[in-house]
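Trainee: Please see the structure below; I have some questions.
Values in this text are rule-based calculations from the coordinates and carry no lab data. Quick caveat, the model's predicted, so the values are computed rather than measured. Cβ placement follows ideal geometry from the backbone for every residue including glycine, while neighbour counts extend to all protein chains displayed.
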């Protein structure tokens, strides 16, 4: 076969083509979709030399069996689905060379819920409304608008990025090695927290919630102490966001995820911060979640910390790289600090520069002094 | 009410104009959205308009929350003085009754009307599109004639064909694609409301108006349907400089 391709031998439980999401079409009622765990998808891409928004395969609980019809470079990030290459265990969070004819297999989830397979060059599927993401309910995007099935052959794009000479790994402190079954998730209040009794807000942050079996790409239904509304659960339908926590009249919170409808009619008590959305995406039925209230400013810092990490992995491939970014990191952001060499670590301001096609991008990182 | 701007997590702001449904409020949403789209700022990730509010999703790497808040406040102020643009009225040819609107007789009986009266009341008015949501291309329409109010089905149907026109309580709407649903079906339009391969994938958008046009026969339905399927159909669209009359 001349073209670069992979063949699905067994699709696993639910394998779909996803990228960073379909933005710009919510006004037409089109859900954003994209990776449930965006952070892992983007890291997977960077590890194989793809731009962060390249299309990957999102694998769920039991991953697929895939045959490679050409020598490829791949990476797997996110949950540990016990992936094996020709029978030998392989590690997440690193780039791996694959020979022609090799078979990738999954032995089922050890940890987490979803993993991302990035292939150097990215998966070649048509762009529908600006994105390669699959939205199954309306049968569009991704590979033929559906989940992958046995016998599908997917084309892989050529890549002009230089071949990777050696295996790339994420620095030690940055690898998400274990999601576990108990998650602390940070939440900002609102936008409709005033629709709830003050008792309900206290209960929400003081209690332990459990992920129900009703959890999919649209939303995660939780069980636990029920939350009382001041008068009614209904609002005049308005926009939703990835991580919006809506509470219908039965008092059980639902976290809205990648395939959520753009609008909804239930009061939203809070919003999961961007940096912690991956924890929800990786949680399984029966896992416990404790919500911790943070300010929007703290949520922003956490986001910048994640972005800084991805940016420093490979500034050239970082999509939407700004000309100048100022971020403030807390001193205990050990994960990021490990990327910055010791010499500059103790200075108040570190400037990372990247030369992208002759244009200089500045990255200023200030580290909180206390 | 003065518009308020609040945070929805760390990457979105919610602009709320009122806590009630009115065409005036929905026009404010529509106007602000139009202005933001016109400016094409690189930090805008997406916009989600609804009855009375607009979510502005932004990329925090490319701008900053306080700046965006002030930017939006200025635009809101400016959009107050902007002349109302033209109003778009889209005709929706609809075959009422028979197998295409199997609940027409139920709706008639429930309201002590004849089927003909239901059709004439339902198609007499223009309907305002307040927002598109729930499913791709699904329009939330302004008020139904009070004489047509009918409860939902006791148990939702598993598959409703795309194009179905239905009534649920005091709302009327059109299912753009095949989907499950509990609305009383009174007719079907041969038009495609949603096409993921089109540049503007949804025929209808927030702030437009529609008017149902009863079709005379099943032949008329299939004539249009054939044209739609072979891409030869152009929807009848009128641009009006005064706001079409409708129920709020």
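Trainee: If you average the alpha carbon positions of segment B:115-186 and of segment A:227-258, how far apart do those two centres end up, in angstrom?
Mentor: Computed from Cα coordinates, the inter-centre distance equals 24 Å.
Trainee: Next question. Mind checking A:27-37 for the average number of partner chain beta-carbons within 10 Å of each residue's beta-carbon?
Mentor: 6
Trainee: At q = 0.20 Å⁻¹, what log₁₀ I(q)/I(0) does a Debye calculation on the Cα points of segment B:187-248 give, no solvent, two decimals?
Mentor: -0.97
Trainee: For chain B, find the longest principal axis of its Cα atoms and tell me its angle to the long axis of helix B:218-229, 0 to 90°, nearest 10.
Mentor: The helix B:218-229 is inclined about 40 degrees to chain B.
Trainee: Apply the a/c threshold of 1.5 to the C-alpha gyration tensor of segment B:87-240 and tell me whether it is rounded, prolate or oblate.
Mentor: Rounded is the answer for segment B:87-240, as its axis ratio a/c remains below 1.5.
Trainee: Length gain on complete extension for the stretch residue B:6 to residue B:197, per 0.36 nm per residue less the alpha carbon to alpha carbon distance?
Mentor: Extra length available between residue B:6 and residue B:197 comes to 65.3 nm.
Trainee: As an exercise, use a Förster radius of 45 Å and the Cβ-Cβ distance of residue B:102 and residue B:73 to find the FRET efficiency, rounded to the nearest 0.05.
Mentor: So, using R0 = 45 Å, E works out to roughly 0.35.
Trainee: Further question: Measure off 7 Å from each Cα along the Cα-to-Cβ vector at residue A:99 and residue A:214, then give the distance between these two points in nanometres to one decimal.
Mentor: 5.0 nm
Trainee: With runs of 4+ DSSP H residues as the only contributors, calculate the mean residue ellipticity of chain B at 222 nm using -39,500 (n - 2.57) per run, divided by the residue total and rounded to the nearest 500.
Mentor: My calculation for chain B gives -8000 deg cm²/dmol from helical runs alone.
Trainee: Placing one identical point scatterer on every Cα of segment A:182-295 and ignoring solvent, what is log10 I(q)/I(0) from the Debye formula at q = 0.11, 0.13 Å⁻¹?
Mentor: -0.28, -0.40
Trainee: Using the Cα gyration tensor of segment A:196-250, with a ≥ b ≥ c the square roots of its eigenvalues, what is the shape: rounded (a/c below 1.5), prolate (a/b larger than b/c) or oblate (neither)?
Mentor: Oblate, since a/c reaches 1.5 and b/c is not below a/b.
Trainee: Sticking with this structure for a sec: Kindly list the residues of segment A:241-269 that lie in the label zone of residue A:197, defined by a backbone N under 20 Å from the point 7 Å along the Cα-to-C-beta vector.
Mentor: Those under the cut-off are A:246-254, A:267-269.
Trainee: Can you tell me the order of B:65-71, A:189-195, B:38-44 when each peptide is scored by its average per-residue count of other Cβ atoms within 10 angstrom, highest first?
Mentor: A:189-195, B:65-71, B:38-44
Trainee: How high is the FRET efficiency between residue B:121 and residue B:157 when r is their beta carbon distance and R₀ equals 22 Å, given to the nearest 0.05?
Mentor: Once rounded, the FRET efficiency stands at 0.40.
Trainee: Given N residues in the protein assembly as shown, what is its alpha carbon radius of gyration divided by 2.2 N^0.38 Å?
Mentor: 1.01
Trainee: While we're looking at this one, here's another question. How big is D, in µm² s⁻¹, for segment A:22-166 by Stokes-Einstein at 37 °C and 0.692 mPa s if Rh is the Kirkwood radius over C-alpha pairs?
Mentor: Once the numbers are plugged in, D ends up at 212 µm²/s.
Trainee: If I take the Cα coordinates of segment B:37-77 and project them onto the principal axes, what are the three extents in Å, biggest first?
Mentor: Ordered largest first, segment B:37-77 gives principal extents of 29, 20, 18 Å.
Trainee: Another question about this same structure. Pairing the Cα long axis of helix B:115-124 with the longest principal axis of chain B, what angle in degrees results, from 0 to 90 and rounded to the nearest 10?
Mentor: Long axis of B:115-124 versus the principal axis of chain B: about 30 degrees.
Trainee: Quick check: Cα centre of segment A:1-67 to Cα centre of segment B:6-57, how many Å?
Mentor: 30 Å
Trainee: Kirkwood hydrodynamic radius, segment A:1-47, all distinct C-alpha pairs: what's the number in Å?
Mentor: This gives a value of 13.2 Å.
Trainee: Report the relative contact order of chain B, percent, no decimals, based on alpha-carbon pairs under 8 angstrom and at least 6 residues apart.
Mentor: Averaging sequence separation for qualifying contacts and normalising by length gives 22 percent for chain B.
Trainee: Semi-axes of the equivalent ellipsoid for segment B:4-80, please: Cα gyration tensor eigenvalues, times 5, square-rooted, ordered largest first, whole Å.
Mentor: For segment B:4-80, the ellipsoid semi-axes come out as 20, 13, 11 Å.
Trainee: Shifting gears a bit: Over segment B:48-159, what lengths in whole Å, largest first, do the semi-axes of the equivalent ellipsoid take, defined as the square roots of 5 times the eigenvalues of the alpha-carbon gyration tensor?
Mentor: After diagonalising the Cα gyration tensor, the semi-axes are 41, 18, 12 Å.
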